[in-house]
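Chemist: Got a structure for you, written out below as structure tokens; questions coming shortly.
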Amino acid sequence: MSLKKDAKKIFKKGILYDNPILVQVIGICSALAVTNRMMNSLIMGIALSFVTAFSSMTVSLLKSRTPRHIRMMVQVLIISAYVIIVDIFLKAYMPDMSKALGPYVGLIITNCIIMGRAEGFAQSNPPVLSLLDGLSSGFGYTLVLLSISLVREILGFGTVFGVDVMPQSFTKWTLMVMPPSAFFILALIMWAAYNLRIKKEKEGVEKK
Amino acid sequence: MIDVHPFVIFIASIFTSNMIFSNFLGMCSFIAVSKEIPTAMGLGVAVTMVLSFTTVLNYIVYWNILVPFGLEYLMYIVFILVIAAFVQLLEMVMERYLSTLYYALGIFLPLITVNCAILGVSLFMVARQYDFLQTFMFSVGSGIGWALAITAMAGIRSKLSENSIPEGLRGAPTTLIITGIMALAFIGFSGMVQIQ
């Protein structure tokens, strides 16, 4: 019973209150780079969730056997092993996607979200919870990525997941395809998320 | 192998393909450490140094060890190990022989291992199949471009710190918006030279 409760709490935290991108401001490199198309962001999100979840679990499984002062190195090695699996999988089954994401798949290794979860949670929690925690952070990340890319793809290409949604007369915003738009949209989403959190907190205070 | 003059790559990696403004690499430390000019410059110098050495090392390791043995898939692990080992080594050498520089840069060095710009440049170098001279110019240029960006950002942020900004926009969102505007300005360079 308590596992279920814990799991619910962890997911709420990972997606809303402790969202890696919006609240902790980590792991934004890839969040900005792959968000020009929704499909790219979805694949990137799934890849990152997979790597975070399993590397957290592995770190947690090995935590009593890893000497403390080399644990960073061990974590990096575990993470890179999973990233290599993801990379080989993409190359084999989705060669186009692998080309579109390019070096950013490899850059999952240096994504601070994974290190952060391994160091901050998996190091002191049982394997199953660590797996869930990794998944929830991954979902939080994927959600933000999808919302950025939704705006960028609709305005930049007039499509959603490659399907036309805008009328023929719609003029495409070239700026939305270029890098600067990613910065602006992420900033606006962060602002909105902040206001939402403040509002919730105020409501909570009034209820009490 | 693509045929671009190394000097063109050098200029392009500073301005048109700037690590931050067009490839979004190294954003984490870019946002966290860009509050004051001296610290930002310190980190910029450290990143440029580590970037130039590790990329060249990774070039040698990749083409002379991994490719002949058919081990390209181990690229990620090997690159990250080379970077971590090099940073550690650099730290020890600097502590012994250049202690003033060590104390100025000391705190930034461990941070660099997880800076995605370092690994990113190595991966781009492989993806674009640069030769040795091109790799060297690309890594030095990327480092200088990164240092330029973070120093400029620190200058703007230190001026902004006294202004009143809406509460939700303080910190990271403002930095992102300014970065966006700077990226727009840097797009102006793109007519000059272009590497993909």
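The values are calculated or read from the model by the stated rules, or taken from the named source; none is laboratory data. Note that the structure is predicted; figures quoted are calculated from it, not measured. We place every Cβ from the backbone using ideal geometry, glycine too, and count neighbours over all the protein chains shown. Heavy atoms of the whole protein, side chains included, go into the accessibility calculation; ligands, DNA and RNA do not. Shrake-Rupley method; radii C 1.70, N 1.55, O 1.52, S 1.80 Å.
Chemist: In debye, nearest 20, what is the charge dipole magnitude of the protein assembly as shown about its Cα centre with +1 on Lys and Arg Cβ and -1 on Asp and Glu Cβ, if you could check?
Modeler: In debye, rounded to 20, the protein assembly as shown gives about 1260.
Chemist: Something else: Hey, can you find the accessible area per residue of region A:123-208 for me, probe 1.4 Å, expressed in square angstrom? Intermediate values should be presented prior to the final figure.
Modeler: Working: 4750 Å² over 86 residues.
Per-residue accessible area for region A:123-208 comes out at 55 Å².
Chemist: Give, rounded to the nearest 20 debye, the magnitude of the charge dipole that chain A has about its Cα centre when Lys and Arg contribute +1 at Cβ and Asp and Glu contribute -1 at Cβ. If you can, show how the numbers build up before the last one.
Modeler: Working: 22 positive and 11 negative charges, 144 e Å.
Around 700 debye, computed over chain A.
Chemist: Placing +1 on the Cβ of each Lys and Arg and -1 on the Cβ of each Asp and Glu in region A:51-208, which of A:Pro167, A:Ala122, A:Asn195 has its Cα farthest towards the positive end of the resulting dipole?
Modeler: A:Ala122
Chemist: Can you find, among B:Tyr62, B:Phe15, B:Ala117, the residue farthest towards the positive end of the dipole of chain B? Put +1 on the C-beta of Lys and Arg, -1 on that of Asp and Glu.
Modeler: B:Phe15
Chemist: Further question: For A:Val160 paired with B:Ser164, estimate the spin-label separation in nm (one decimal), with each label point 7 Å from Cα along the Cα-to-Cβ line.
Modeler: 4.0 nm
Chemist: Please name whichever of B:Phe138, B:Leu169, A:Met97 sits farthest to the positive end of the charge dipole of the protein assembly as shown, dipole taken about the Cα centre and charges placed at Cβ: Lys and Arg +1, Asp and Glu -1.
Modeler: Checked the options; the winner is B:Leu169.
Chemist: Kindly compute the accessible surface that chains A and B hide from a 1.4 Å probe when together, both sides summed, and give it to the nearest 100 Å².
Modeler: Counting both chains, the buried surface is close to 3100 Å².
Chemist: Still on this structure, please answer the following. Efficiency by 1/(1 + (r/R0)^6): what FRET value for A:Phe89 and B:Lys35, r their Cβ-Cβ distance, R0 = 45 Å, to the nearest 0.05?
Modeler: 0.65
Chemist: For region A:2-207, just say rounded, prolate or oblate: build the C-alpha gyration tensor, square-root its eigenvalues into a ≥ b ≥ c, call rounded for a/c under 1.5, and beyond that prolate if a/b exceeds b/c, oblate if not.
Modeler: Here region A:2-207 falls in the oblate category.
Chemist: Averaged across the residues of A:27-39, what count of C-beta atoms belonging to other chains lies within 10 Å of each residue's C-beta?
Modeler: Across the residues of A:27-39, the mean count of other-chain Cβ atoms within 10 Å is 4.
Chemist: State, as an integer percentage, the relative contact order of chain B based on alpha-carbon contacts under 8 Å between residues 6 or more apart.
Modeler: After rounding, I find 47 percent.
Chemist: If the only charges are +1 at each Lys and Arg Cβ and -1 at each Asp and Glu Cβ, what is the size of the charge dipole of region B:42-188 around the Cα centre, to the nearest 20 debye? Show your work: numbers first, answer last.
Modeler: Details: 5 positive and 6 negative charges, 40 e Å.
Computed charge dipole of region B:42-188: roughly 200 debye.
Chemist: What is the distance in Å between the Cα centres of region B:37-114 and region B:167-188?
Modeler: A separation of 29 Å, based on Cα centres.
Chemist: On to the next question. With a ≥ b ≥ c taken as the square roots of the eigenvalues of the C-alpha gyration tensor of the protein assembly as shown, please select rounded if a/c is under 1.5 and otherwise prolate if a/b is larger than b/c or oblate if it is not?
Modeler: Here the protein assembly as shown falls in the rounded category.
Chemist: Do the sum for chain B: with -39,500 (n - 2.57) for every DSSP H run of n ≥ 4, divided by all residues, what is the mean residue ellipticity at 222 nm, to the nearest 500 deg cm²/dmol?
Modeler: Calculated from helices alone, the mean residue ellipticity at 222 nm is -22000 deg cm²/dmol.
Chemist: For chain A, what does -39500 (n - 2.57) per DSSP helix run (n ≥ 4), summed and divided by total residues, give at 222 nm, in deg cm²/dmol to the nearest 500? If you can, show how the numbers build up before the last one.
Modeler: Details: 9 runs with 144 residues, N = 208.
After summing the helix terms and dividing by residue count, I get -23000 deg cm²/dmol.
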